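Some notes on the structure that comes next.
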Amino acid sequence: MPVSDSVDAESTGTGDRGDATEGRDGDVPTLPINELFASLQGEGTLAGVPSTFVRTSGCNLRCWFCDSYHTSWEPTHAMMSLEEIVAEVEARDADHVVLTGGEPLLHEESVALLERLDDRGYHTTVETNGTIHRDAPIDLASISPKLESSTPTPERDPRGEIPSESQGEGGWEKRHENARIDLEALSALVEAYPFQLKFVVTDDDDMPEILELLEDLRGVADVPVRDEDVLLMPEGATRERLAETRNRTAELAMEYGFRYTPRLHVDLWNDAPET
Ligand SMILES: C[S@@+](CC[C@H](N)C(=O)[O-])C[C@H]1O[C@@H](n2cnc3c(N)ncnc32)[C@H](O)[C@@H]1O
Ligand SMILES: Nc1nc2[nH]cc(C(=O)O)c2c(=O)[nH]1
Ligand code: SF4
Ligand SMILES: [Mg+2]
């Protein structure tokens, strides 16, 4: 099981990036950290690999199904210096580090953290929604572009918001919808790093949008995007919900010639924190 000496998540930020003190505390570079723990990589081509997870807080999107609610809808974190983060990583055994969030590439200091981890010989995976490109030592860009089925609407708002609030000017329905796909950033990421494209599938209706996005990406990217780089992942933060989505997602993977990825951590530990 995950380690018990995790980070205390104390301060709460309201902005996309955590809070105003993010970045540097005096001369010390810092990141808003929601949790830091040892587990098995649960998703994608490296599923099953012992890994240390560093979860930053703050996101530029608001997926209704986000399984890391306290990094997006209600960001909660402690500010940690890069030195402290690296020490916490070194205190665990894994050779693989997964930098996730929230959206880790929102934070400029994620680059410096990845450099320090790379200098120490760690394999780095970055879990990203694909809307931001940064130049950093990334061994695997695990990109999960968000489909229309992720958009929070009055009917699917985890806060149970009244319709006018989720739809209005500053409401997340529009903001999410406008920001969720950035072809330029997506293209820059696949050109710069070994990558996987990991789509969250809720049902059959997601497939036309996946195919269209792949066509667009293949049209602009200078590198091949092979069907085997495309993974379908069932939507579900709990075992109960996964039981509803995984078989159809697996059938769709077979039908379209894409890969299927399980959510091993949900099978093993359901929705427990630090797993
Ligand atoms: C919490 S996100 C953090 C990284 C980044 N913001 C992103 O979305 O890729 C980590 C991974 O969990 C996936 N995810 C989040 N909620 C999910 C859910 N309810 N079911 C399946 N996958 C989910 C995301 O698509 C992403 O691949
Ligand atoms: N075990 C485990 N594997 C994961 N792979 C990607 C995760 C993420 O939240 O980014 C994740 C996670 O939260 N737990
Ligand atoms: S992009 Fe990732 S962290 Fe942000 S809301 Fe969606 S699943 Fe959550
Ligand atoms: Mg997760």
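What follows is calculated from the coordinates using simple rules that are stated; it is not laboratory data. The structure displayed is predicted, hence computed values, not measured ones. Note that we place each Cβ from the backbone using ideal geometry, even for glycine, and neighbour counts take in every protein chain shown.
Calculation over all alpha carbon pairs of region 163-269 in 10 angstrom steps from 0 returns a P(r) of 13, 36, 34, 16, 1 percent. Using a cutoff of 8 angstrom between alpha carbon atoms and counting only pairs six or more residues apart, the relative contact order for the chain works out to 17 percent. Between the residues Ile85, Asn270, Ser149, the greatest Cα displacement towards the positive end of the dipole of the chain, with unit charges on the Cβ of Lys, Arg, Asp and Glu, is found for Asn270. Extension gain, Ala192 to Asp135: 0.36 nm times the residue separation minus the Cα-Cα distance gives 19.7 nm. Mark the label point 7 Å from the Cα of Arg248 along Cα→Cβ and return the residues of region 176-217 whose backbone N is within less than 11 Å of it. Residues passing the 11 Å test: 201-207. For Lys198, the residues whose amide H sits under 5 Å from its own are Ile143, Ser144, Leu231, ignoring neighbours fewer than 5 places away on the same chain, with H placed 1.01 Å from N. Could you tell me the calculated FRET efficiency between Arg239 and Asp27, based on Cβ-Cβ distance and R0 = 30 angstrom, to the nearest 0.05? My answer for the efficiency is 0.05. Residues in region 263-271 carry Karplus couplings, in order, of 10, 3, 5, 6, 4, 7, 10, 6, 10 Hz; the curve used is 6.51 cos²θ - 1.76 cosθ + 1.60 with θ = phi - 60°, and Gly or Pro positions show x. Going 7 Å from the Cα of Tyr256 toward and past its Cβ, which residues in region 105-145 have a backbone nitrogen under 16 Å from where you end up? Residues passing the 16 Å test: 143-145. In region 3-224, inverting the average of 1/r over every pair of distinct C-alpha atoms gives 18.0 Å as the Kirkwood radius. The modelled label-to-label distance for the pair Arg226/Asp271, using points 7 Å beyond Cα in the direction of Cβ, is 3.7 nm.
So, in nm, how far is label Asn178 from label Asp118 when the simple model puts each one 7 Å beyond its Cα toward the Cβ? Roughly 3.3 nm, to one decimal. For the chain, a crude dipole built from +1 on the beta carbon of Lys and Arg and -1 on the beta carbon of Asp and Glu, taken about the Cα centre, is about 320 debye to the nearest 20. Sequence-ordered 3J(HN,Hα) estimates for region 132-148 from the Karplus curve with 6.51, -1.76 and 1.60 and θ = phi - 60° stand at 9, 10, 10, 8, 7, x, 10, 7, 9, 8, 9, 9, 10, x, 9, 8, 4 Hz, glycine and proline given as x.
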